[in-house]
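The values are calculated or read from the model by the stated rules, or taken from the named source; none is laboratory data. Predicted model only: the values in this text are computed from it and were never measured. Note that we place each Cβ from the backbone using ideal geometry, even for glycine, and neighbour counts take in every protein chain shown. Quick note on the areas: whole protein, heavy atoms, side chains included, nothing else; ligands and nucleic acids left out. Shrake-Rupley method; radii C 1.70, N 1.55, O 1.52, S 1.80 Å.
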Amino acid sequence: MSAHDQDHQDNSTHFGYQTVDKNEKESKVASVFHSVAAQYDVMNDLMSFGIHRLWKRFTIDASGIRPGNKVLDLAGGTGDLTAKFSQLVGKDGQVVLADINSSMLNVGRDKLRDRGLVQNIDYVQANAQHLPFEDNTFDVITIAFGLRNVTDKDEALRSMYRVLKPGGRLLVLEFSKPEQELLTKAYDFYSFNILPKMGELVAKDGDSYQYLAESIRMHPNQETLKEMMETAGFEQTTFKNLTGGIVALHKGYKF
Amino acid sequence: MTNTTAMYQQFICAVLETVINKALALSLNGSKGLQSINQKCLVVYLSELGFPLSLMICEDKVLVTSLNEHPDCVINTSIKTLLALKQDMQITELIKQDKLDISGDLKVAQQFAQFFEKLDIDWQTELAKHIGDIPTFKLTQLGKKLSRKLNFAAKQIEADSTEWLVHEKRLVVSNSEVSSFNLQVSDLDVRTEALTQKLTRITQLINNAKDICE
Ligand SMILES: C[S@@+](CC[C@H](N)C(=O)[O-])C[C@H]1O[C@@H](n2cnc3c(N)ncnc32)[C@H](O)[C@@H]1O
């Protein structure tokens with residue numbers, strides 16, 4: 001039984017490898033991101049050897065963004081995608097950086113303001129499951145490395161579908177299942193042995209990075225996530241594996 | 001597109017973006033001239049790359065992506081042609097030869113070109129900021145010496161390769177061969193002229209003989 005199936009069976013869900021009450025997951029995830037917020041960007045570069053920047057650039061290219069578009073960077077955290085989108089949509093466009101976690105949002109807001117990015121960005125503290133926006137609002141929605149932290153992913157996908165304009169697209173960038181067995185083994189070793197140690201050493205927070213590794217393993221694989229998007233109403237749903245499937249970019253349209 | 005290609009593509013865009021913006025920050029002209037093309041998008045397809053390079057101006061920055069949704073101007077060409085373009089600007093000739101294809105707003109392409117030409121960087125001052133005056137002076141001297149040597153070497157290589165093409169491969173003709181060929185042509189020309197005169201005279205003789213017989 002997949003993690004996704006189990007989410008539907010009772011009122012329990014996964015927090016990494018632990019089974020917890022659905023109500024409990026949100027606060028546990030919140031404490032992880034409150035704890036890593038300040039060091040989040042440094043750790044991201046360190047853990048992925050900077051490759052996360054290329055994954056994000058690929059997401060931007062796949063978004064087909066144009067000047068004047070309205071974008072929702074959901075679970076946007078420290079705002080890497082927002083920064084690029086803000087420049088690409090220009091003064092006639094708008095980017096909403098939404099995240100459930102105030103610490104991540106604050107780090108993001110400070111970073112973007114320091115870079116002089118102010119004119120077209122709004123910051124909203126929101127839960128992906130209950131987006132506080134009108135129906136048919138956005139041309140593009142992205143959720144990068146955020147969906148696996150959401151308690152009810154199906155509800156979140158439905159909520160994203162609702163606020164997307166007809167013709168709009170959703171891009172989900174998330175860790176996924178490597179295509180090669182050998183890569184899976186090397187990746188597992190890295191995630192469970194090296195990553196938490198790095199977290200302990202640099203961010204003084206090994207537990208949060210242990211959760212990160214576990215949550216990646218519990219996240220639905222490429223095909224399952226594609227099905228989940230289709231169930232939520234998305235059409236022409238496709239995915240593209242990046243770095244051997246360590247990460248996948250799913251894309252779906254609302255028509 | 002394989003996933004390695006996708007990452008390689010993103011890597012190239014990221015490096016280009018960093019280099020261009022670094023150069024822009026160091027340029028003595030600053031980001032002057034960028035306002036007129038703010039939010040304009042130039043897409044360049046280079047045959048060697050196999051993916052579009054999209055340059056978009058966002059205030060005082062240049063963003064390099066592979067987004068090719070709504071470009072203001074599109075250029076199809078190759079790196080080789082772009083280098084030639086910079087040297088002698090024979091755009092129409094290149095278009096005629098199908099080496100360059102431009103569609104959309106040509107003015108945008110021109111403005112981008114002007115912007116890149118105007119980048120003016122005072123490398124010595126920049127270097128001095130990081131490593132100090134004396135090392136910069138020494139490095140500049142060394143750079144000049146190296147550049148002279150490289151120029152000399154390049155000329156030598158050029159001369160050697162010409163020699164090789166002339167003598168070994170016999171693909172290129174030497175100056176003396178061209179002169180000797182020219183002389184031969186002149187000689188042939190003189191002889192052809194003499195032959196023509198002879199023929200005219202013979203024709204006249206035949207015509208005269210015909211008249212006498214009649
Ligand atoms: C790993 S970070 C990703 C940040 C950013 N998108 C990036 O790629 O760098 C995950 C983010 O998801 C946010 N998040 C977790 N659960 C969420 C939810 N239910 N709704 C909105 N954001 C959520 C976290 O607060 C955190 O900022």
**Report entry** Considering residues of segment A:90-103 that are open to solvent by less than 10 Å² (accessible area, probe 1.4 Å) and touching a strand residue (DSSP E or B) at 6+ places or on another chain (Cβ under 6 Å) only, the residue nearest to the ligand (Cβ to nearest atom)
**Finding:** A:Ala98
**Report entry** Filter pass, B:Asn151 being modelled with pLDDT of 70 or more and not acidic (Asp, Glu)
**Finding:** no
Query raised in the report: within 11 Å of the ligand (Cβ to nearest atom) and farther than 23 Å from A:Thr237 by Cβ, is that true of A:Asp73?
Result: no
Query raised in the report: Mind checking whether some residue in segment A:22-29 is within 9 Å of the ligand (Cβ to nearest atom), closer than 30 Å to A:Glu200 by Cβ and open to solvent by 40 Å² or more (accessible area, probe 1.4 Å)?
Result: yes
**Report entry** Sole exception among (1) β-branched (Val, Ile, Thr); (2) within 13 Å of chain B (Cβ to nearest Cβ); (3) open to solvent by less than 40 Å² (accessible area, probe 1.4 Å) for A:Val71, by number
**Finding:** (2)
Report summary line: Of all strands (runs of 3 or more DSSP E) fully inside segment A:8-121, the set with 3 or more residues that are closer than 19 Å to A:Thr151 by Cβ is A:12-15, A:18-21
Query raised in the report: So, of the residues in segment A:104-123 that are hydrophobic (A, V, I, L, M, F, W, C) and within 22 Å of A:Val29 (Cα to Cα), which turns out to be most open to solvent (accessible area, probe 1.4 Å)?
Result: A:Val107
Query raised in the report: Are any residues in segment B:43-64 open to solvent by 10 Å² or more (accessible area, probe 1.4 Å) and part of a strand (DSSP E or B), and if so, which ones?
Result: B:Val44, B:Tyr45, B:Leu46, B:Pro52, B:Leu53, B:Leu55, B:Met56, B:Lys61
**Report entry** Cross-chain or 6+ apart pairs with Cβ under 6 Å, segment A:19-44 first and polar (S, T, N, Q), then within 8 Å of the ligand (Cβ to nearest atom)
**Finding:** A:Asn44/A:His52
Requested in this report: Could you check how many residues of segment A:146-167 are more than 8 Å from the ligand (Cβ to nearest atom), more than 14 Å from every other protein chain (Cβ to nearest Cβ) and touching a residue at least 60 places away in the same chain (Cβ under 8 Å)?
Outcome: 13
Query raised in the report: surrounded by 14 or more Cβ atoms within 10 Å (Cβ to Cβ) and out of contact with any Pro (no Cβ under 8 Å at 6 or more places or on another chain): does that describe A:Leu201?
Result: no
Query raised in the report: For segment A:124-134, what are the residues that are of a type outside the set (A, V, I, L, M, F, W, C) and either open to solvent by 50 Å² or more (accessible area, probe 1.4 Å) or more than 18 Å from the chain's Cα centre (by Cα) (or both)?
Result: A:Gln125, A:His130, A:Pro132, A:Glu134
**Report entry** Residue satisfying all of: in segment A:104-134; more than 12 Å from the ligand (Cβ to nearest atom) and among the polar types (S, T, N, Q); nearest to the other protein chains (Cβ to nearest Cβ) among these
**Finding:** A:Gln119
Report summary line: With criteria (1) out of contact with any Asp or Glu (no Cβ under 8 Å at 6 or more places or on another chain); (2) over 26 Å from A:Ile51 (Cα atoms); (3) modelled with pLDDT of 85 or more, B:Cys73 comes up short on (1)
Report summary line: The residue that is nearest to A:Leu182 (Cα to Cα), considering only those in segment A:229-246 that are within 13 Å of another protein chain (Cβ to nearest Cβ) and in contact with an Asp or Glu (Cβ under 7 Å, 6 or more places away or on another chain), is A:Gly244
Report task. Give, as residue ranges, the strands (runs of 3 or more DSSP E) completely inside segment A:143-255 that count at least 3 residues that are charged (D, E, K, R). Result -> A:164-175
